[in-house]
1. For Asp97 and Ala165, FRET efficiency with R0 = 22 Å and r from the beta-carbon atoms, rounded to 0.05?
2. Take the Cβ-Cβ distance between Ser242 and Ala175 as r, set R0 to 30 Å, and report the resulting FRET efficiency rounded to the nearest 0.05.
3. Computing the accessible area with a 1.4 Å probe over protein heavy atoms, can you report the carbon and sulfur percentage for region 92-212?
4. Debye calculation, C-alpha points only, no solvent: report log10 I(q)/I(0) for region 93-247 at q = 0.16, 0.19 Å⁻¹, in the same order as the q values.
5. As an exercise, take the mean of 1/r over every pair of distinct alpha carbons in region 177-232, invert it, and state the Kirkwood radius in angstroms.
6. Might you work out the accessible area of Ile73 for me, using a 1.4 Å probe with all protein chains in place, and round it to the nearest 10 Å²?
7. Please calculate how many Å² of accessible area region 158-200 carries per residue, with a 1.4 Å probe and no DNA, RNA or ligand atoms counted.
8. Farthest toward the dipole's positive end in region 88-247, which of Trp154, Ser180, Ile216, given Cβ charges of +1 (Lys, Arg) and -1 (Asp, Glu) about the Cα centre?
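The values are calculated or read from the model by the stated rules, or taken from the named source; none is laboratory data. If you're wondering where the values come from, they're calculated on a predicted model, not measured in any experiment. Neighbour counts run over all protein chains shown; Cβ positions are idealised from the backbone, glycine included. Heavy atoms of the whole protein, side chains included, go into the accessibility calculation; ligands, DNA and RNA do not. Shrake-Rupley method; radii C 1.70, N 1.55, O 1.52, S 1.80 Å.
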Amino acid sequence: MTGRTATQLLAALSVLGVAASGCSADEPAPTPAPAPSSVPAPDPLLGAPITDSGVLAAAMLGLGDLPDGFSSIPDPVQDLGLDPAPEYDSPDESGTDPAECAAVLAPISEQRGGAASNAVVRFSGPNFSSIDEDAASYPDTGTAEAFTAIQQAWVGCTTFSGTDADGVSVDYALAGREQSTVGDASASVRLTTSSEGFTLVSDVVVAVVDSTVVQIVVSDQAGLEPETVTAVAEAAVERIRSVTPSM
């Protein structure tokens, strides 16, 4: 798995492990999880692509769209003007098995190239919660292809494993999730990330908004309330819709 969203999940898991070291509990047997559903992209699309990444970035979620207690996470390079992180002698041991499951939660623009614009915002909240949004806008058939590619990655990665940058084992379980339609079309899954007995739950909504695909990832130790996930996803959709050029 690649992308800062995955890194944040693994970092939170490591902190949880330190906080709860020495504690253990018997886990109930898991129940079978529903498979991710397949949702077609709208045909035809309802709006033109957003071609300016600055315009798309300005239409991403803000603190006023989120529950109380969240704060923005600035990008060290783009937002703070810092130099990129240096390369270290110790190798990065992160990866997934199977390797293609690295696409799960990766930014949309990385999963399908050719975007006319893209943007990412990230927020942290109380008790290791986080909300991340990324979006990419495509010309021609790119929007439908990106929406389809994301769902295809889900189907092939309902269970997979991996390691973080330090080689610590991580297990992932992905299941379909009930979600009312957001935007012109949407699909949703729940990704459960576990390492050394500690777990984080990420509810994911991917929606088509005119010619833009947006991905919302809401993470918490036990999962935030469904109505919170819906409210955040709807706010993201409406902000993007407000800057979409007319056809």
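1. Given R0 = 22 Å and the Cβ-Cβ separation, E is 0.90.
2. Step by step, r from the Cβ atoms, then E = 0.40.
3. That share works out to 45 percent.
4. Log-scaled intensity ratios, in q order: -0.89, -1.23.
5. Mean inverse Cα-Cα distance, inverted, gives 11.9 Å.
6. 60
7. 43
8. Of Trp154, Ser180, Ile216, it is Ser180.
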